[in-house]
1. Spot the failing condition for Val127; the list is (1) within 13 Å of the ligand (Cβ to nearest atom); (2) modelled with pLDDT of 95 or more; (3) over 16 Å from the mean Cα position of the chain (by Cα), and only one is missed.
2. Run down Asp99, Asp58 and say which single residue is within 17 Å of Met26 (Cβ to Cβ), in contact (Cβ under 8 Å) with a residue 60 or more places away in the chain and surrounded by fewer than 22 Cβ atoms within 10 Å (Cβ to Cβ).
3. Restricting to the range 37-55, give me the number of residues that are within 16 Å of the ligand (Cβ to nearest atom) and surrounded by 18 or more Cβ atoms within 10 Å (Cβ to Cβ).
4. Name the one entry in Ala157, Ala162 that is touching a helix residue (DSSP H, G or I) at 6+ places or on another chain (Cβ under 7 Å), small (Gly, Ala, Ser), assigned to a loop (DSSP other than H, G, I, E, B) and over 20 Å from Glu80 (Cα atoms).
5. Give the residue that is nearest to the ligand (Cβ to nearest atom), with candidates limited to residues of the range 134-152 that are loosely packed, with under 10 Cβ neighbours inside 10 Å and modelled with pLDDT of 95 or more.
6. Out of all the residues in the range 82-108, which are near the ligand (Cβ under 8 Å from one of its atoms), of a type outside the set (D, E, K, R) and part of a loop (DSSP other than H, G, I, E, B)?
Amino acid sequence: MSRPVCTVDMIHRIRIMKTSANVREMRQEDSQAVSQLLQQLGYPATPEQVLDRFRRLDRERHGLFVVEVSAHVVGWAHAEHRQALASDPRVEIMAMVVDESFRGQGFGKALLRWIEAWGAEVGVKIVRVTSNLARTDSHAFYQRAGYVLQKQSAVYAKPLSAVEQTSLKY
Ligand SMILES: CC(C)(COP(=O)(O)OP(=O)(O)OC[C@H]1O[C@@H](n2cnc3c(N)ncnc32)[C@H](O)[C@@H]1OP(=O)(O)O)[C@@H](O)C(=O)NCCC(=O)NCCS
C-alpha cells in the first residue's frame, strides 16, 4: 500500500514565538535523542532499543515526529492511525514529550498540530490521547489545545513472561 500523499512528510518550517523550529518525521539517527526524551517521560529505553522499535513499526500506520531547534531534537511524539471494528478510524497519540529545558515555548503545541494535520491527511475525524491522571501538566496542555475529557479508565496488564516493571506500566 502506498503511503498517502502527505505534506507532513516534508520538512516544514514553523515559527514559534521568536524561535525558529522544524517539525519533521523521526529518523534513525534521532534514536539517541529520543532515548533521552523517553527517560524524561518515565519510560527509559536505550538508543538501541529505540532504534529496534523504530525499525519494526509499520510507518504506514505510525507517525513518528520530532521537533528540532538548530538541528537539536527538543521534542518527540508518536501517533498511531488506528482501525477498529467498534469505532471509526482515529489517530491515537501514543506518546509525546518535550525536553524539560524547552517546555512552555510552544514546541508541544507544534507537535500536536502536526499530528492533527497528519490525522486529517490520513482521513480520520478524531485525534485521541490517554494521559495518566498524575501528568497534571499534560491535562492542562491538551485542554488548552481543545481536547475534551471523555472518560477515565483503569489500566490492567498481565505479564505472560518476565518483563520489566516499566514495560507493564506503559
Ligand atoms: C505536555 C508537554 C508535551 C507540553 O509541551 P510544551 O512544549 O511545554 O507546551 P507548549 O509550550 O506547546 O504549550 C502549549 C499551550 O499549552 C499551555 N500549557 C502547557 N503546559 C501547561 C500547563 N502545565 N498548565 C497550563 N497550560 C499549559 C501553554 O500555556 C500553551 O498555551 P497557549 O496555546 O495559550 O500558548 C510537556 O509539558 C511535556 O513533555 N510534559 C511531560 C510529558 C507529558 O506529560 N507528555 C504527555 C503525555 S501523553
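1. (3)
2. Details: Asp58 fails: in contact (Cβ under 8 Å) with a residue 60 or more places away in the chain.
Sole residue among the options that is within 17 Å of Met26 (Cβ to Cβ), in contact (Cβ under 8 Å) with a residue 60 or more places away in the chain and surrounded by fewer than 22 Cβ atoms within 10 Å (Cβ to Cβ): Asp99.
3. Within the range 37-55, the first condition is being within 16 Å of the ligand (Cβ to nearest atom), and the residues that meet it are 37-45.
Within this subset, residues satisfying the condition of being surrounded by 18 or more Cβ atoms within 10 Å (Cβ to Cβ) are 37-38, 45.
Residues in the range 37-55 being within 16 Å of the ligand (Cβ to nearest atom) and surrounded by 18 or more Cβ atoms within 10 Å (Cβ to Cβ): 3 in total.
4. On the way: Ala162 fails: touching a helix residue (DSSP H, G or I) at 6+ places or on another chain (Cβ under 7 Å).
The match here is Ala157.
5. We begin by selecting, within the range 134-152, every residue loosely packed, with under 10 Cβ neighbours inside 10 Å; these are 134, 146, 148-152.
From the residues that got through so far, the ones that are modelled with pLDDT of 95 or more too are 146, 148-152.
Working: Gly146: 10, Val148: 15, Leu149: 14, Gln150: 15, Lys151: 16, Gln152: 15 Å.
Looking at residues that are loosely packed, with under 10 Cβ neighbours inside 10 Å and modelled with pLDDT of 95 or more, I get Gly146.
6. Gly104, Gln105, Gly106
Table: residues versus (1) within 21 Å of Ala145 (Cα to Cα); (2) within 12 Å of the chain's Cα centre (by Cα); (3) of a type in the set (A, V, I, L, M, F, W, C).
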site: Leu37; (1), (2), (3): no, yes, yes
site: Arg59; (1), (2), (3): no, no, no
site: His62; (1), (2), (3): no, yes, no
site: Ile93; (1), (2), (3): yes, yes, yes
site: Leu112; (1), (2), (3): yes, yes, yes
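The values are calculated or read from the model by the stated rules, or taken from the named source; none is laboratory data. All values derive from a computational prediction rather than experimental measurement. Quick reminder, even Gly has a Cβ in these numbers, built from the backbone with ideal geometry, and neighbours come from all protein chains shown.
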